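Worksheet: the structure to be examined is printed underneath.
Laboratory data are not the source of any read-out in this text; all were calculated from the coordinates shown. Note that this is a predicted model, so its numbers are computed, not measured. Please note: Cβ atoms are built from the backbone with ideal geometry, for glycine as well, and neighbour counts cover all protein chains shown.
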């Protein structure tokens, strides 16, 4: 986290950089794993889900930050859950009214966005001690960091498991789908491998920055 | 009032809850008409699809089907004109017969020169109820179509029962005396229409078994109606 007395733009840039890479909510903070494993067998579902999470995190972080001074300590977490649920239900209502096919396709997962640790995590770690606008940005970029990682996993799982990407059949005709990719165990393996690869990359980048000192 | 006092805490919690709940109630009220229209569109489309009144696949010669070609394309995003077309086809081609099982209405339509009967069903899936529509021919010897309206199965696994390759297997499938069987097959769809067997969704054996039970239960309902002379 950037501790220097930086201007607004610098802080925003630092937040973006951290949430996308250095402090990514999924592969560094290890948050939101349940939905990562559940929803990534299909790119379209993943995309809608991650957009939903980004919006819910952004708006609830901003709202909570604005309410900061008024919230008594004893009901801090209850209030966070209330606000997050509110936005998640709004998303559910909007999908059901304007995108019914998507709503059906995602099914119960939309309502389960409330259980995504990232949202509560950002509310606790960031929104409590930052301005509403910056909290909105932090929430949005956390969601985008989450989206980038999940779309990567989903691309592998959907391609190998169904031979398609976003529903478009792309695999050559003789391709036998790897059914395990459609099921949860494959997500465990892929997420673990991706975390290992990305963290190693980060560490080598840090070592390189420090002049190659190991 | 001090921020950490009990009275402030109670007052604050009450006011905040009331505020957000009111907003939600308002949002719900605002969209309830649309949601209901979407629901109606989905149900009617499912009935038409199950009856075989759909552009793709069925070579129907009556003008109702020609209308339905425009009515039922994609159906991914529903707008007013599409739902009007669905209503037109529905009102024109489908007649409603009240049957003994009062929970679901019996629908009758003439498709491809043959009388077909459709009825909605609700059965237990793996995670929740599966609602759909099953259509049979007049003597309950063949299934003419199956469409799934709502379910709570796992997206990407059990949720694949809504995909065309799965439901198309049921079209024109022969019904054996003991009922149809959904079994582990190639996972790409059973093309043999005379064996009474269908491929399950790979990796979703429990949901597939539920479908088998639900469809067979609905076939029994149709059969008892047939024996009582309710299907004319």
Discussion item. With bins 10 Å wide starting at 0, give me the P(r) of the protein assembly as shown over every alpha carbon pair, in whole percents.
Written reply: 4, 18, 24, 22, 16, 10, 5, 1, 0
Item to complete: Place a label point 7 angstrom from the Cα of residue B:4 along the Cα-to-Cβ direction, then list the residues of region A:120-140 whose backbone nitrogen is under 19 Å away.
Response: A:128-129
Discussion item. What does the structure give for A:92-99 when I average, per residue, the other chain Cβ atoms found within 10 Å of the residue Cβ?
Written reply: 5
Discussion item. Taking only Cα atoms of region B:147-199, what ratio of Rg to Rh do you get with Rh as the Kirkwood inverse-distance radius?
Written reply: 0.98
Discussion item. Take residue B:205 and residue B:15, extend 7 Å from each Cα along the Cα→Cβ direction, and tell me the distance between the two endpoints in nm.
Written reply: 5.9
Item to complete: May I ask you to derive the FRET efficiency for residue B:112 and residue A:81 from their Cβ-Cβ distance with R0 = 35 Å, giving the value to the nearest 0.05?
Response: 0.05
Item to complete: For the protein assembly as shown, give the share of DSSP beta bridges that are antiparallel, in percent and rounded to the nearest 5; count only bridges with both residues there.
Response: 90
Practice prompt. Output the peptides B:28-37, B:163-172, B:196-205 sorted from most to least packed, where packing is the average of other Cβ atoms within 10 Å over each peptide's residues.
Written response: B:196-205, B:163-172, B:28-37
Item to complete: For residue A:112 and residue A:17, compute 0.36 nm times the residue count separating them, minus their Cα-Cα distance, and round to one decimal in nm.
Response: 31.4 nm
Worksheet entry | Gaussian network model of chain A, springs between alpha carbon atoms under 10 Å - residue of A:200, A:186, A:164 with greatest fluctuation | A:200
Response to the item:
Mean-square fluctuation maximum in Gaussian network of chain A, Cα pairs under 10 Å, restricted to A:48, A:144, A:114, hits A:48
Worksheet entry | Distance in nm between pseudo-label sites at residue B:186 and residue B:84 (7 Å out along the Cβ direction from Cα) | 4.4
Discussion item. Which of rounded, prolate or oblate describes region A:116-214 when judged by the alpha-carbon gyration tensor and an a/c cut-off of 1.5?
Written reply: oblate
Worksheet entry | Among A:106, A:43, A:150, residue whose mean-square fluctuation peaks in a GNM of chain A (springs only between Cα atoms under 10 Å) | A:106
Worksheet entry | Inter-label distance, nm, simple model (7 Å from Cα along the C-beta direction), residue A:124/residue B:129 | 3.8
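Counting alpha carbon pairs within less than 8 Å and at least 6 residues apart, what relative contact order, in whole percent, applies to chain A?
Relative CO of chain A lands at 32 percent.
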